[in-house]
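A short write-up of the structure that comes next.
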Amino acid sequence: MKTWQVMAASVVLALTVGSARAEDGEIPVGAIYPLSGGLAYDGQSNLNGALVAAAEINAKGGVLGKKIKVIGEDGACNPGQSVASAEKLINKDRVVALLGASCSSATGAVSETVRKYKLPLISGVSTAERLTEEGNPWFFRATTTTKLNGQSLGRTLYDMSHAKKVAFVVTSDDWGRSAAQAYGESMKTLGASVVGTEYFDRQDTDFTEHLTKVRAAGADTVFSVGGFQNAANVTVQARQLGFSGPILGEGAFCTEHWAELAKDFTGNVVGILEWVTGIDDDVNKRFVAAYQSAHNDLPTKFSAAGYNTMSILAAAIARAGSTEPEALRQAIAATDYTGLMGNYRFDEKGQAYNFNMFLVVWKDGKSSVVANAKIAKP
């Protein structure tokens, strides 16, 4: 298992566990992301975003007079490895809280670990609805769920696509199945029919069979989910098979890395995204500039998630006036934080709401926001 201990600007971190002590002028925070394997780029982007936030906070004096130190661990989106990483961070590094762990299955496993140790966990990526339905007071989700997206964005997607017959080509996991159910219900309520649902594994690269089936079923709109490689392959192969209708997608559709792979096939695609570089306000412009300066790369939605979760946690530590676990848990629950995607608050189950989601197209060589919706309290 690889360990990343990264110092951001004047960032130095220590740790805390049951006794929640932050020693040697440092407050250690654990970050579990996929830092190896097919999702390593996304995981590193997530970690880098947390590091940018920590660097900014430390440059202003830190929290409670101490510097924040982010200790990154490779969970590889694997539940067992993610739990081992959590155990190491809690028992050896003695962190005050955890961020992560990306894939919903891994995050669910780590959620049970923090329940056992009574330590806060904030996820900025995992969308499986069940995570906030399991009654864990130590788990907080600072992002949306696919169900909330469907409720908030379904009407706009329907109007933009003029869908009559929708087919789903989605991952065979919690994410994909949730998407097919949530958006399928939304589309049917608005008058469209679902003519097919095809499932694929994340490591798949050939979607010809799936796309041929939904095309034969008469689909005029395809809905998909996936990281930038899956999203690009679905897009390109659908167009190569002659499908010219709208492609709607959660994940990495209409992002920079998707466009690099999709090349000439970026038209008539709508991405459903938590964040894009094209959000035109001063807060986001400063974040993009700081990230590029620190990491010589454009930030992604995962970078923004890491930045947001670290910022939410730091604000909660300041409000609590302590890193004692129960005081910190209560302070996170009382979050009223405004950041890159708007205002974040948590409901009684730890689900965030009141922030923005974005509908995005690729236009003039960049991601362009065409609509947004505020995620309502569940």
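Please treat every number below as a calculation from the coordinates, not as lab data. Bear in mind the structure is a predicted one, so any value in this text is a computation, not a measurement. Here Cβ is always computed from backbone atoms with ideal geometry, including for glycine, and neighbour counts include all displayed protein chains.
Per-residue 3J(HN,Hα) values for the stretch 169-184, derived from phi via the Karplus relation 6.51 cos²θ - 1.76 cosθ + 1.60 with θ = phi - 60°, read 10, 9, 5, 8, 8, 3, 4, x, 5, 5, 5, 4, 6, 5, 6, x Hz in sequence order (x marks Gly and Pro). Per-residue Cβ neighbour counts within 10 Å put CYS103, CYS254 in the sequence CYS103, CYS254, beginning with the fewest. Between the labelled values (1) 4, 19, 26, 26, 16, 7, 2, 0; (2) 5, 23, 25, 21, 17, 8, 1; (3) 6, 26, 34, 23, 10, 3, 0, the entry that holds P(r) over Cα pairs in 10 Å bins from 0, in percent as derived from this structure is (3). Our summary of shape: the Cα atoms of the stretch 30-126 have principal axis extents of 36, 30, 20 Å, ordered from largest down, in whole angstrom.
Taking the Cα centre of the stretch 270-351 as origin and assigning +1 to Lys and Arg Cβ atoms and -1 to Asp and Glu Cβ atoms, the resulting dipole is close to 80 debye. Calculated on the Cα set of the stretch 113-181, radius of gyration then Dmax: 15.3, 50 Å.
Charged side chains reduced to their Cβ positions (Lys and Arg at +1, Asp and Glu at -1) give the chain a dipole of some 500 debye around its Cα centre.
Cysteines in the chain lacking any other cysteine Cβ under 4.7 Å from their own Cβ: CYS254. Between the amide H of VAL95 and those of THR16, ILE90, distances stay under 5 Å, these residues lying 5 or more places away or on another chain, with hydrogens modeled in the peptide plane. Counted by neighbouring Cβ atoms within 10 Å, the residues LEU313, LEU248, LEU190 run from fewest to most as LEU190, LEU248, LEU313.
Estimated from helical segments only, the mean residue ellipticity of the chain at 222 nm is -13000 deg cm²/dmol, where each DSSP H run of four or more residues counts as -39500 (n - 2.57). Treating r as the C-beta distance of ASP280 and LYS377 and R0 as 30 Å, the FRET efficiency rounds to 0.65.
Put in line by how crowded their Cβ is, counting other Cβ atoms within 10 Å and starting with the fewest, MET357, MET341 read MET357, MET341.
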